[in-house]
Amino acid sequence: MKQIVISNRKGGSGKSTTAINLASELSKEHQVLLIDLDTQGHSSIGVGSEPFESGGCHKVFEGEALSQSFVPTISENLTLAAASMFFDPYSSNFKTDTLREAITKERLEEFFDFCVIDTPPTFDAILKNSLVGADCVVIPLIPHPLGIIGAQQIFRAIYKSTLNSKKPISYIGILPTMFNFHIKEHKEILDQAINIFGKDRVFEPITNDMSLSKQFYTKIPVVLSSERSRGARDYRNFTNSLLKQLG
């Protein structure tokens, strides 16, 4: 099972949009587990469910089985581990490999080909848990000077936190989101990202598309509901590029 983490400390970067469309696109040909570790529950909403008021995937940090949070989604091959709306990460002491131990204990790698994890916009014990066992991390980047700074910060933090782990992350990629090729500043930010992170780490941008905003009203990701839209096209291309990086 390939574990893909979507992470950014800046809210509103397209993190949940990326998680639900990547997971949904992968589910067209694979068995996929989407873990919503952001207590806002946007990924849960985006695939036709809701975060739990009690229960949810965050309860794994209190000793419950991860599978107790599993709910079906709008895609037959996509299983959601829904978020826990009121979980306080500072109220419990848990190890940084709690999530990995739960996945191993329940032998989930035998049931799923991919695990996509939507993380909170923080760098805390929950994010560190998602990184243990991760094969790659995708950092959404909004085309703004502060977006570049934020991407650099989370890139360095992730790299340092996993440098001495048993299974170092093989790939960290940058995904520009909310992009408009007609705006000069957006193209300048893209050039900066390529110069800073390297061309092999920067994906083709996800362009601005109203269908990406509407998907949270319909609770169906655009790659399933509006396959001819620009948003769906961009996320299909991103998924294919990511699969090549994962080998």
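The values are calculated or read from the model by the stated rules, or taken from the named source; none is laboratory data. As the structure is a prediction and not an experimental result, all values here were calculated from the model. Please note: Cβ atoms are built from the backbone with ideal geometry, for glycine as well, and neighbour counts cover all protein chains shown. Keep in mind that these areas ignore ligands, DNA and RNA; they rest on the heavy atoms of the full protein, side chains included. Shrake-Rupley method; radii C 1.70, N 1.55, O 1.52, S 1.80 Å.
What the table shows:
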{"read-out": "The lone exception for residue 152 - which of (1) of a type in the set (S, T, N, Q); (2) at pLDDT 95 or above; (3) open to solvent by 20 Å² or more (accessible area, probe 1.4 Å); (4) farther than 30 Å from residue 59 by Cα it fails", "value": "(2)"}
{"read-out": "Filter result (touching a residue at least 40 places away in the same chain (Cβ under 8 Å) and assigned to a helix (DSSP H, G or I)) within segment 36-53", "value": "42, 43, 45, 46"}
{"read-out": "Within segment 158-181, considering residues that are of a type in the set (S, T, N, Q) and within 21 Å of residue 241 (Cβ to Cβ), the one surrounded by the most Cβ atoms within 10 Å (Cβ to Cβ)", "value": "177"}
{"read-out": "Residue under evaluation residue 224, criteria (1) modelled with pLDDT under 95; (2) crowded, with 20+ Cβ neighbours inside 10 Å; (3) out of contact with any strand residue (DSSP E or B) (no Cβ under 8 Å at 6 or more places or on another chain), criterion not met", "value": "(1)"}
{"read-out": "Segment 54-91: number of residues that are closer than 19 Å to residue 31 by Cβ and in contact (Cβ under 8 Å) with a residue 60 or more places away in the chain", "value": "2"}
{"read-out": "Per-region count, segment 82-112, residues closer than 25 Å to residue 246 by Cβ and either open to solvent by 70 Å² or more (accessible area, probe 1.4 Å) or hydroxyl-bearing (Ser, Thr, Tyr) (or both)", "value": "9"}
{"read-out": "Hits in segment 215-241 - residues which are aromatic (Phe, Trp, Tyr), touching a residue at least 12 places away in the same chain (Cβ under 8 Å) and over 18 Å from residue 138 (Cα atoms)", "value": "216"}
{"read-out": "Identity of the residue in segment 34-57, of a type in the set (Asp, Glu) and open to solvent by less than 10 Å² (accessible area, probe 1.4 Å), that ends up modelled with the lowest pLDDT", "value": "38"}
{"read-out": "Top-ranked residue of segment 195-211 - restricted to ones that are in a helix (DSSP H, G or I) and open to solvent by 60 Å² or more (accessible area, probe 1.4 Å), ranked as modelled with the lowest pLDDT", "value": "210"}
{"read-out": "Lone unmet requirement of (1) assigned to a helix (DSSP H, G or I); (2) surrounded by 24 or more Cβ atoms within 10 Å (Cβ to Cβ) for residue 61", "value": "(2)"}
{"read-out": "Criterion violated by residue 214 - all others in (1) at pLDDT 95 or above; (2) open to solvent by 80 Å² or more (accessible area, probe 1.4 Å); (3) not in a loop (DSSP other than H, G, I, E, B) satisfied", "value": "(1)"}
{"read-out": "Condition met for residue 184 (open to solvent by 60 Å² or more (accessible area, probe 1.4 Å), more than 16 Å from the chain's Cα centre (by Cα) and farther than 20 Å from residue 16 by Cα)", "value": "yes"}
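Quick grid of which residues meet (1) within 17 Å of residue 176 (Cβ to Cβ); (2) surrounded by 24 or more Cβ atoms within 10 Å (Cβ to Cβ); (3) among the hydrophobic types (A, V, I, L, M, F, W, C):
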position: 119; (1), (2), (3): no, yes, no
position: 126; (1), (2), (3): no, no, yes
position: 134; (1), (2), (3): no, yes, yes
position: 137; (1), (2), (3): yes, yes, yes
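Yes/no matrix, rows are residues, columns are (1) within 19 Å of the chain's Cα centre (by Cα); (2) of a type in the set (Asp, Glu); (3) over 22 Å from residue 49 (Cβ atoms):
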| position | (1), (2), (3) |
| --- | --- |
| 195 | no, no, yes |
| 200 | no, yes, yes |
| 209 | no, yes, yes |
| 223 | yes, no, no |
| 227 | no, yes, no |
